[in-house]
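Written out below as structure tokens is the structure these notes cover.
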Amino acid sequence: MWKVEELAGLSEGYYSKMLHAGSTEGRRASVETLEKVLDAMFQGAYILRFSKVRDDDLLSTARLKKINANLRTYLRHHMITIAPLGAKARVESQTPERRRAIARHAARVRWERHKQQTVTPP
């Protein structure tokens, strides 16, 4: 997500807030912002279509939900493909000492979690 924000020129965390617009921290994106995100993700190779929905038009609402679900699925798959790139870049930028410290901390957390699960109540 940080890479999309960087390429689109968005502030940190905005893309996540945009994806979850209905949450308390969510943000509704403008058409211009949506175009910036799509340009960053697909380098201009996309078609964006808007449909006006009336509250009483159930068929339009159903179609819009299907379009949104398809878009979310497509974006989710796209993010799965680009997420390892960000992880790789992060690992390459860290020193070996920092990577060891992170691994030690993760092992400690896993061990604590394991101990909590295996303790039986009196």
Next on the checklist: Condition first: surrounded by 10 or more Cβ atoms within 10 Å (Cβ to Cβ), at pLDDT below 75, more than 14 Å from the chain's Cα centre (by Cα) and of a type outside the set (A, V, I, L, M, F, W, C). Can you find one or more residues in region 33-44 that meet it?
Outcome noted: no
Item to check | Test: residue in region 45-54 that is under 30 Å from Glu5 (Cβ atoms), modelled with pLDDT under 75, among the basic types (Lys, Arg) and surrounded by 11 or more Cβ atoms within 10 Å (Cβ to Cβ) | outcome: no
Next on the checklist: One residue is enough: does region 5-24 have a residue meeting the conditions modelled with pLDDT of 75 or more, part of a helix (DSSP H, G or I) and loosely packed, with under 11 Cβ neighbours inside 10 Å?
Outcome noted: no
Checklist outcome for this item: Counting only residues in region 55-96 that are over 20 Å from the mean Cα position of the chain (by Cα) and at pLDDT 80 or above, the one farthest from Gly9 (Cα to Cα) is identified as Pro96
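Could you please let me know if Arg100 is modelled with pLDDT of 85 or more and basic (Lys, Arg)? Explain how you work it out, then say what you get.
Numbers: modelled with pLDDT of 85 or more: yes; basic (Lys, Arg): yes.
Answer is yes for this residue.
The values are calculated or read from the model by the stated rules, or taken from the named source; none is laboratory data. Treat the numbers as computed from the prediction; the structure is a model and nothing was measured. Note: ideal-geometry Cβ built from the backbone for every residue, glycine included; neighbour counts use all protein chains shown.
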